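Shown next, in structure tokens, is the structure this report addresses.
The values are calculated or read from the model by the stated rules, or taken from the named source; none is laboratory data. What you see is a predicted model; the values in this text were computed from it and never measured. Don't worry about glycine lacking a Cβ; one is built from the backbone with ideal geometry, like all the others, and counts go over all protein chains shown. Just so you know, the surface numbers come from the protein's heavy atoms only, side chains and all, with ligands and any DNA or RNA stripped out. Shrake-Rupley method; radii C 1.70, N 1.55, O 1.52, S 1.80 Å.
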Amino acid sequence: MKQALRSRFFALTCTALIGASLAGAAPRAPDNLKRANMTTQSARVEKIFAKIKPVCFGRFVIDVPETATVVFGRMTVDFEIGHFPGEASMADKHIAKQVLKLEKEDFLYKDMNKPGSLYGQVLNDGVPGQKTFIGAGDDSYRLSSYVPVGSDLFVFESNSLPDTAAVKKRVAKAGYFGSQLRFRAENDIPLERGICLEGGFISLNPTFENISMGVRLAELPDVHLSISTLKNGDEPDEYSKLEFRLKGAEQNAIQAGKGELYQRIKFLRRAPRQMGDWIGEEALARMPAEKGGFATHQFVFYAMGAANDILLPVADVQLDTGVSGNATKARPPSVTDNEAIAIWDRLTGSIRARPTTPVISAKK
């Protein structure tokens, strides 16, 4: 998990952030960390943001232009969760594909097909219409539990289940999760406590939460914002701070003979920052062109959050320009430095905890 978090920042080859150490559960931030729209207004950006809509993800809300598209990435709420719009009646089709795959790879798992095994079975436990297929991965069970919700289909996936007892326990949990899941339209901002998913809302407090989503601007298709929130356990990772990763990135650049490239990075802003209730750090850079690429923007905010706090998880936010498809530095940016910063400030400045009724504390 730590490697996955670091990989997005090592491309930003730069020095450590200058500023105070940012530790502790949730200390009050000095006013100079609170950052609003601090850039010169751009008529083009103002026009894009003239009409906005609130969108919820996980336990949070962000305001985006009405014309923007919101794309969910990884959704983990104790289970890995998938969403299939319009496929409520197609659980059997998905299961048939898994059965076919297992039959082709049966030589890998044949030792699991023994008396008392659940391998290859389909269970109908849970809410009406819920079907759970018991497959295998390596030398353990894995399950996929399909839940119809309205016209859509959701799947809860779990792996590394060592025995039938673990499988039955997980199947029961999938049934409970299915009972707490409901359909959610994009413009639906629930008032009860719980987690916003793509197309759904689940009212519970799981052990593990990891929600990722992205914002795509219709008027500026090369500008991509991505957000990931990850609930901490008992001890946030101090070494995940942005300043540590930036130091490592600088050292890697020098060792790789790219010191000259590093010198050409233009920092537009680099400082500690408060974003909503998070106290973290941001680095806003215009990255120099490399062979076959273009000079583009890469902006990052990272806060390690607090221990066991559902409203202060790890926050990992990044904006890239010059994106084509899923490739960065693939085209010239469609925005100036000031416009990129204005978009960043408008989007990140609106991220906040989703209000709930009754009001809940940040602690689980």
Over the Cα atoms of segment 203-275 the radius of gyration and the largest Cα-Cα distance (Dmax), both in Å, equal 17.3, 52
Kirkwood hydrodynamic radius (Cα pairs, Å) of segment 217-364? 16.8 Å
Note down, for segment 150-259, the three equivalent ellipsoid semi-axes (square root of 5 times each alpha carbon gyration tensor eigenvalue), biggest first, whole angstrom. 35, 24, 14
Sorted from largest down, give the three principal axis spans of the alpha carbons of the chain, whole angstrom values. 66, 50, 40
Whole-Hz ³J(HN,Hα) for each residue in segment 210-225, computed from phi via Karplus 6.51 cos²θ - 1.76 cosθ + 1.60 with θ = phi - 60°, x for glycine and proline: what do you get? 8, 10, 10, 8, x, 10, 10, 8, 4, 6, 9, x, 8, 9, 10, 10
Separation of segment 68-99 and segment 182-215 by C-alpha centroid, Å? 14 Å
Per-residue ³J(HN,Hα) for segment 330-339, Karplus 6.51 cos²θ - 1.76 cosθ + 1.60, θ = phi - 60°, Hz, x for Gly and Pro: 8, 7, x, x, 8, 10, 7, 4, 5, 5
Pop out the carbon and sulfur fraction of the accessible area of the chain as a percent, whole number, probe 1.4 Å. 53 percent
What number does segment 59-147 give for Rg over Rh if you use C-alpha atoms and the Kirkwood radius? 1.09
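Which of the GluC sites (Glu not before Pro) found in segment 70-149 are loop residues per DSSP with 15 or fewer other Cβ atoms within 10 Å of their Cβ? All intermediate terms of the calculation are to be shown ahead of the outcome.
Working: sites: E80, E87, E103, E105; in loops: E87, E105.
For GluC sites (Glu not before Pro) across segment 70-149 that sit outside H, G, I, E and B with at most 15 neighbouring Cβ atoms in 10 Å, the list reads E105.
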Hydrodynamic calc, segment 108-189: Kirkwood Rh from Cα pairs, then Stokes-Einstein at 37 °C with viscosity 0.692 mPa s, so D in µm² s⁻¹ is 244 µm²/s
With every protein chain present, what accessible area does I227 have (1.4 Å probe, heavy atoms only), rounded to the nearest 10 Å²? 10 Å²
Can you compute the equivalent ellipsoid semi-axes for segment 247-329, i.e. the square root of 5 times each eigenvalue of the Cα gyration tensor, sorted largest first and rounded to whole Å? 28, 16, 12
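Kirkwood Rh, Cα Rg: Rg to Rh for segment 255-302? Intermediate results must be reported in sequence, preceding the final value.
Values: Rg = 13.3 Å, Rh = 12.1 Å.
My calculation puts Rg/Rh at 1.09.
Can you sort F72, F57 by 1.4 Å-probe accessible area, starting with the largest? Show your work: numbers first, answer last.
Working: F72 30, F57 0 Å².
The most accessible residue leads, giving F72, F57.
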